[in-house]
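The values are calculated or read from the model by the stated rules, or taken from the named source; none is laboratory data. Since the model is a prediction, treat every value here as computed from it, not as a measurement. Heads up, the Cβs are rebuilt from the backbone with ideal geometry, glycines too, and the neighbour counts pull from every protein chain shown. Accessible surface is based on the protein model in full, side chains and every heavy atom, while ligands, DNA and RNA are left aside. Shrake-Rupley method; radii C 1.70, N 1.55, O 1.52, S 1.80 Å.
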Amino acid sequence: MSSTIAVTTIDTGHEDMIHDAQMDFLGTKLATCSCDKSIRLFDVNLTTGSQNFVTDLKGHEGPVWQLAWAHPRFGNLLASCSYDRRVIIWKEREGGKWENEHTYDGHDSSVNSVCWAPPEWGLMLACGSSDSSITVISCIENRWVHTKIANAHTLGCNAVSWAPAASSVGSGSGDVQPVRKFVSGGCDNLVKIWKEENEQWVEDVKLEGHSDWVRDVAWAPSAGTTRMKIASSSQDRRVIIWNNTEDGAWVPEALHVFEDVVWHVSWNFVGDVLAVSGGDNQVSLWKKQESGNWECISDSAKTQQQQQPQDHRTL
């Protein structure tokens, strides 16, 4: 059964196309980024639907592709990545002033994706780049440390997503040894899982199922679920759900074949509803039914039929 999505339009004030919009953990702040090289911050009230412009962050020299908020236990921290090959970590200081906390410029090409690790792992950011590498940036004793995975994906990495901290493995002696992991998707049509081993990042699993560039990956949260799963979307117009079995294997499950490239996938808090957006300018929500089939439970197309066309500078 499908339902209608309520839509609120926000005039962001950007001068060019918006590439990403991210709410913070508490749902009180909104960050947007654009081809105009800027990041704009808003205070928002989800109850009333109101929003107030806070500030404009300028530091990138190219289009800004993606944003990621850190967990609030670390204060108000926002990561951004850009075509200018840089990652910038912004921090809100006393008095509400935002400043550049750290800039990483160790990539040789566009940085396409940034994602913060679960707070249990500390302040740790994964960054995927078109130069084929992935960098993990960590704050250790107030010092930023960078660990690069060279040649992670041939032709480039498009997306990164961390495993929940609850995904641990047993040591066989009754102890539970947490293992830091994240998943990535790239221009080699592959989905890869990486794990930390001896303070280095090594390839753990390679998942083959897509026939074109993997555009996004999303590791499902562990809350309310007993099995780990990952969603991947691709230029091949497909979304695949990778289910982790008891023997440790990852089994692909086709969710749907869409009419155009699928750019983004995102899980809800408990990992049982998946949001999908693509080149057809539609957003749909999918949930697995008791029958075992994935069903579209909401589709933005029905809402858009009742609205005027929107400018790419508004949300």
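See the values below:
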read-out	value
Some residue of region 300-311 being closer than 27 Å to residue 33 by Cβ, of a type in the set (Gly, Ala, Ser), more than 21 Å from the chain's Cα centre (by Cα) and at pLDDT below 95	yes
Residue check for residue 94: over 24 Å from residue 183 (Cβ atoms) and surrounded by 17 or more Cβ atoms within 10 Å (Cβ to Cβ)	no
Only listed residue being modelled with pLDDT under 95 and of a type outside the set (Lys, Arg), chosen from 128, 185, 156, 172	172
Residue satisfying all of: in region 197-227; modelled with pLDDT under 95 and part of a strand (DSSP E or B); most open to solvent (accessible area, probe 1.4 Å) among these	200
Region 32-49: number of residues that are in a strand (DSSP E or B) and not basic (Lys, Arg)	10
Wholly within region 231-290, strands (runs of 3 or more DSSP E) carrying at least 1 residues that are over 18 Å from residue 163 (Cα atoms), open to solvent by 60 Å² or more (accessible area, probe 1.4 Å) and out of contact with any helix residue (DSSP H, G or I) (no Cβ under 9 Å at 6 or more places or on another chain)	238-244, 250-257, 262-267, 283-288
Flag if residue 209 is within 22 Å of residue 163 (Cα to Cα), among the small types (Gly, Ala, Ser) and touching a residue at least 40 places away in the same chain (Cβ under 8 Å)	yes
Scope region 134-166; condition of a type in the set (Gly, Ala, Ser), assigned to a loop (DSSP other than H, G, I, E, B) and touching a residue at least 40 places away in the same chain (Cβ under 8 Å); matching residues	152, 156, 163, 165, 166
Region 92-111, residues that are in a strand (DSSP E or B) and more than 22 Å from residue 161 (Cβ to Cβ)	92, 98, 99, 100, 101, 103
Filtered residues of region 97-129 (kept if hydroxyl-bearing (Ser, Thr, Tyr) and under 16 Å from the mean Cα position of the chain (by Cα))	113, 129
Count of residues meeting criterion [open to solvent by 60 Å² or more (accessible area, probe 1.4 Å) and under 22 Å from residue 89 (Cβ atoms)] in region 29-52	2
Test: residue 26 is assigned to a loop (DSSP other than H, G, I, E, B) and either at pLDDT 95 or above or closer than 28 Å to residue 124 by Cβ (or both)	yes
Qualifying residue in region 112-133 (condition: under 21 Å from residue 41 (Cβ atoms), open to solvent by 20 Å² or more (accessible area, probe 1.4 Å) and in a strand (DSSP E or B))	yes
Complete set of residues in region 7-22 that are surrounded by 14 or more Cβ atoms within 10 Å (Cβ to Cβ) and among the aliphatic types (A, V, I, L, M)	10, 18, 21
